[in-house]
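The structure under discussion appears below in the form of structure tokens.
No value in this document is a laboratory result; all are computed from the given coordinates. Small disclaimer: the values here were computed from a predicted structure and weren't measured. Counting neighbours? That spans all protein chains shown, and the Cβs are built from the backbone with ideal geometry, glycine included.
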Amino acid sequence: MKGHGVILFPMPFQGHINPMFQLANILHAKGFSITIIHTQFNSPNPSNYPHFRFYSIPDGLSENHAVPSDLNHIVTLLTTLNSNCVTSFRDCLAKLLSVNLEDHIACLITDALWHFTQAVADGLKLPRIVLRTSNVSSFLVFTYMPFLCEKGYLSAQDSQAENQVPELPQLKFKDIVMFERGDLGRLRQFIAIVVQETKASSGIIWNSYEDLEQEHLTKCSLYFSIPVFPIGPFHKCFPASSSSLLPQDQSCISWLDKQAPNSVIYVSFGSVAAINETEFLEIAWGLANSNQPFLWVVRPRLVHGSEWLELLPNGFLEMVGERAYIVKWAPQQEVLAHPSTGGFWTHCGWNSTLESLCEGVPMICRPSFAGPGRIMQVCKPCFGELGLPSGIQVGRGEIERAIRRLNGGEAEGQEMRSESCD
Ligand code: UDP
């Protein structure tokens, strides 16, 4: 008897690969056969998924393509991928549809950022469902882009940060700050195509849930007029460890085991965001001066032009001693679920935010270009959050105070933890 199959096409970045593979596992558990088409760049490890079929397509990128570190690079890479993969993806999909007799292919599921796939799916008469790996409210900001550009709000001054956008009172200027630093024209064009091709799709799957984003989901349904499926958080069904592109350093769990409950501040800025040398040193000193234990993920090349920890001042590691643990990449979900973890300083990537929300870990939020700018307001009603300004150099004193408020101050951290949405 024929079964049902789906073909999935993840965007090759960690924060997009994780939810796509989690979704694939969820669908597999519901009885669907799973076929993954993937780029050579950041390709997944098929041996972690013996129950899926994998097809690699050429993406036209050079072998050692650098992971982008700022908004301009990201837009360039996304645009390049979307044009480079058209032919190889179409050929691969057409072949799969013509030879795959075992299962009836019900649909194609692609990341929203693979906008060209809508035309390919239409050409092959295959329904395409979009997976949007970020939160609903940040996608709504995408739909406001033409309006925000027209009004000149995207280059608002820092002094306006706390003000509400007059025509969209639910939005503050600081929530849209992420758009400020890129090549606006290209970014705007890319976002417009993503929104348009999402509108043309057969439905949107969100790694989010109604209780968290009800108001925005309603707006989204009205705007897109297609079915929306807020079926997250995916990681509660399947963890992200098997789709990790970097090896997760498990030794930090043994270190966490030795720390007091709720005492450790976990610091990670996800897989893409980069910082400069001054920021790196301010973070290091802020963490050291807070006197709290900290687990810090310093990805190789997190700081432009440096390999790993060589920018730390001489004697820094000896000074912080056992109170600090630094890894290149952590088993984040396990870290957040660990009883010693008392706070998370995050760049506000959506996966990180959801993972933290679900474990009841209060956050110090510092949105970066890669993070959805509206997250802070999403977190607020659910958990306390401490916001550090985005795009502005934050000093060690401010960092130290934020950590102390979260972890050291008895009352505030406790209150934030107890204000969970469940
Ligand atoms: N992650 C991890 N180890 C780390 C840091 C992050 O496994 O040391 C995972 C994290 O659990 C999340 C993903 O990488 O699932 C990062 O996605 P997110 O949306 O938070 O940020 P992005 O990397 O897309 O900026």
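Take the alpha carbon gyration tensor of the range 277-343, find the square roots of its eigenvalues, order them as a ≥ b ≥ c, and report rounded if a/c is under 1.5; if not, report prolate when a/b exceeds b/c, else oblate.
Working: a/c = 2.07, a/b = 1.30, b/c = 1.59.
It comes out oblate by the Cα gyration axes.
Debye sum, Cα scatterers, the range 181-269, no solvent: what log₁₀ I/I(0) at q = 0.14, 0.16, 0.18, 0.19 1/Å?
Listed by q, the Debye log ratios stand at -0.85, -0.95, -1.01, -1.04.
Restricting to DSSP loop positions (anything but H, G, I, E, B) with no more than 14 other Cβ atoms inside 10 Å of their own Cβ, which chymotrypsin sites (Phe, Trp or Tyr not before Pro) remain in the range 312-349?
The qualifying sites: there are none.
With a cap of 10 neighbouring Cβ atoms within 10 Å, and only residues DSSP puts in a loop, list the GluC sites (Glu not before Pro) found in the range 279-308. Before the final figure, lay out the partial values.
Working: sites: Glu279, Glu282, Glu307; in loops: Glu307.
Sites meeting the loop and neighbour criteria: Glu307.
Which trypsin sites (Lys or Arg not before Pro) in the range 92-148 pass both tests, a DSSP loop state and at most 10 other beta-carbon atoms within 10 Å? Spell out each step's value before the answer.
Details: sites: Lys95, Lys125, Arg128, Arg132; in loops: Lys125.
Within the range 92-148, the qualifying trypsin sites (Lys or Arg not before Pro) (loop, at most 10 other Cβ atoms within 10 Å) are Lys125.
Could you give the distance between the Cα centres of the range 319-334 and the range 186-212, to the whole Å?
So the separation of the two Cα centres works out to 36 Å.
For q = 0.11, 0.14, 0.24 Å⁻¹, what log10 I(q)/I(0) does the range 18-98 give under the Debye formula with an equal point scatterer on each alpha carbon and no solvent?
Log10 I(q)/I(0), no solvent term: -0.36, -0.58, -1.22.
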